[in-house]
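Asks: One structure coming up, written as structure tokens, with questions to follow.
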Amino acid sequence: MAVTNVTSFGRSGLSDWLVQRVSGVVLTVYLLVIAAYLLFTPEVDYASWKELHSGLCIRLLTVFAVLSLAAHAWIGMWGVLTDYVTVRLMGPKATPLRVFLQLGMIAVIFVYVAWTVAILWGK
Amino acid sequence: MLKVSIYRYNPDIDSAPYMQDFQLDTQGKDIMVLDVLEQLKAEDPTLVFRRSCREGVCGSDGVNINGKNGLACVTPLSECVKNNTLILRPLPGLPVIRDLVIDMAQFYAQYEKIQPYLINDTPAPAIERLQSPEDREKLDGLYECILCACCSTSCPSFWWNPEKFIGPAGLLQAYRFLADTRDTATEERLSKLDDPFSVFRCHGIQNCVAVCPKSLNPTQAIGHIRTMLLSSGT
């Protein structure tokens, strides 16, 4: 019998796995860029931080990193919830609880993505 | 005297499982865990465990020995005893039938799912399907599995989702038939493994590799399956 799950990120194990790996690489690159900036900038203050984020490249990289974080967190949290919040471990109440937690997680991820875009391009 | 603590549970009599302590004089010999069980069973015939070949070939006597899964018949006391104490429990994660005997139906159900037999839709030759020595070598490290379940029952992903995740033993066998050049059902086999659970619940923690009594490497086989899925799915 085929195994299916409608709340996973890409519905396919292979695509989730690939997205998890690629998003991990993107996050690592972003972390290294920000770490290098913090290390090699003599004085980091609001003005220099704003200056850094005025460039289109870093804005795009930031959006890319936040989208990667969103996908990474979705897949990872889906994995945790389907391991521990299950009918097998908790009985029938697990299904509504897990759907509630998953929708809450998706809402939080959406807020973070929208918030990032608002910070970078808002007035 | 060796202190032996054994998980006991007889559902007809006991309301809950408990640990029973035994004292055993091993006379200083480095005997196998199975020998300990046999000697204790001579004292207490109600003690129940599975065993058959007593030489690591049949895979019947997988038990949890001082916290680590292994075959009782090929695990000497010198390898497992700590503080002169031997703690024996059934393999974790599957229902206990009695004492150290577990119900392996879920384990076999996953094994059955991967169609553990050669599928070849071309006409059979007169004698046998030949394979080059190089192609035959690809099955080394795969065909030796004895299905003792030590690996799958040490895997948290299998504990939490035993009905959806195939588990290391089943996946090692899945790759054994994917890697077999005589098998013609590769695409069909791969298409059944592409969901988020069957293969991809493996997070690569390698408990399976650490406990395998035959020193096999299910994590590596799972990696090969992922690579095959990637090249057939992209």
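Quick note: the coordinates plus some simple rules give every number you see, no bench work behind them. Keep in mind the model is a prediction, meaning the values are calculated, not measured. Heads up, the Cβs are rebuilt from the backbone with ideal geometry, glycines too, and the neighbour counts pull from every protein chain shown.
Asks: Going toward the positive end of the dipole of chain A, with +1 on Lys and Arg Cβ and -1 on Asp and Glu Cβ, which of A:LEU120, A:PHE110, A:GLY55 do you reach last?
Replies: Working it through, the farthest residue towards the positive pole turns out to be A:PHE110.
Asks: How big is the charge dipole of segment B:152-234 about its Cα centre, in debye rounded to the nearest 20, if each Lys and Arg gets +1 on its Cβ and each Asp and Glu gets -1 on its Cβ?
Replies: 220 debye
Asks: Mind giving me the nanometre distance, one decimal, between the label points for B:GLU55 and A:TYR37, set 7 Å out from Cα along Cα→Cβ?
Replies: Inter-label distance under the simple model: 6.8 nm.
Asks: Before rounding to the nearest 500, sum -39500 (n - 2.57) across all DSSP H runs of length at least 4 in chain B and divide by the residue total; then give [θ] at 222 nm in deg cm²/dmol.
Replies: Only helices count here, giving -8500 deg cm²/dmol.
Asks: If you don't mind, another one. Please average, across the residues of B:184-196, the number of beta carbons from any other chain that are within 10 Å of each residue's own beta carbon, and give a whole number.
Replies: 3
Asks: Helix B:218-233 against the longest principal axis of chain B: what's the angle in degrees, Cα atoms only, rounded to the nearest 10?
Replies: With rounding to tens, the tilt is 20 degrees.
Asks: Given C-alpha coordinates of chain A, what is the ratio Rg to Rh with the Kirkwood estimate of Rh?
Replies: Using only Cα positions, Rg/Rh for chain A is 1.10.
Asks: Now for a different question. Can you compute the modelled spin-label distance between B:ASP12 and A:ALA94, with each label point 7 Å from Cα toward Cβ, in nm?
Replies: 3.2 nm
Asks: Let me ask something additional. Sort B:PHE200, A:PHE9 by Cβ crowding within 10 Å, fewest neighbours at the top.
Replies: Listed from fewest to most nearby Cβ atoms, that is A:PHE9, B:PHE200.
Asks: Considering the dipole of segment B:94-234 built from charges on the beta carbon (Lys and Arg +1, Asp and Glu -1) around the Cα centre, which of B:ALA126, B:GLN173, B:GLN106 is farthest to its positive end?
Replies: B:GLN106
Asks: Using helices alone, I'd like the mean residue ellipticity at 222 nm for chain A: each DSSP H run of four-plus residues gives -39500 (n - 2.57), total over residue count, nearest 500.
Replies: The per-residue figure over chain A is -26500 deg cm²/dmol.
Asks: Hey, another quick one. Work out the FRET efficiency for B:MET19 and B:SER78 from their Cβ-Cβ distance, taking R0 = 22 Å, and round it to the nearest 0.05.
Replies: Once the sixth-power term is evaluated, E becomes 0.45.
Asks: I would also like to ask the following. Between helix B:33-43 and chain B, what is the angle of the helix's C-alpha long axis to the longest principal axis, kept within 0 to 90° and rounded to the nearest 10?
Replies: 40 degrees
Asks: Here is a follow-up. Assigning unit charges at the beta carbon (Lys, Arg +1; Asp, Glu -1) and nothing else, what dipole magnitude in debye, to the nearest 20, does segment B:1-119 show about its Cα centre?
Replies: 280 debye
Asks: Quick check on the protein assembly as shown: what does the Kirkwood estimate of hydrodynamic radius come out to from the alpha carbon pairs, in Å?
Replies: 24.0 Å
Asks: Which of B:GLN106, B:GLN220, B:GLN27 moves most in a GNM of chain B, Cα contacts under 10 Å?
Replies: B:GLN27
Asks: Fewest to most neighbouring Cβ within 10 Å: what's the order for B:VAL57, A:VAL25, B:VAL74?
Replies: A:VAL25, B:VAL57, B:VAL74
Asks: Can you tell me the dipole magnitude for chain A around its Cα centre, using point charges on the Cβ only (Lys, Arg +1; Asp, Glu -1), in Debye to the nearest 20?
Replies: Computed charge dipole of chain A: roughly 440 debye.
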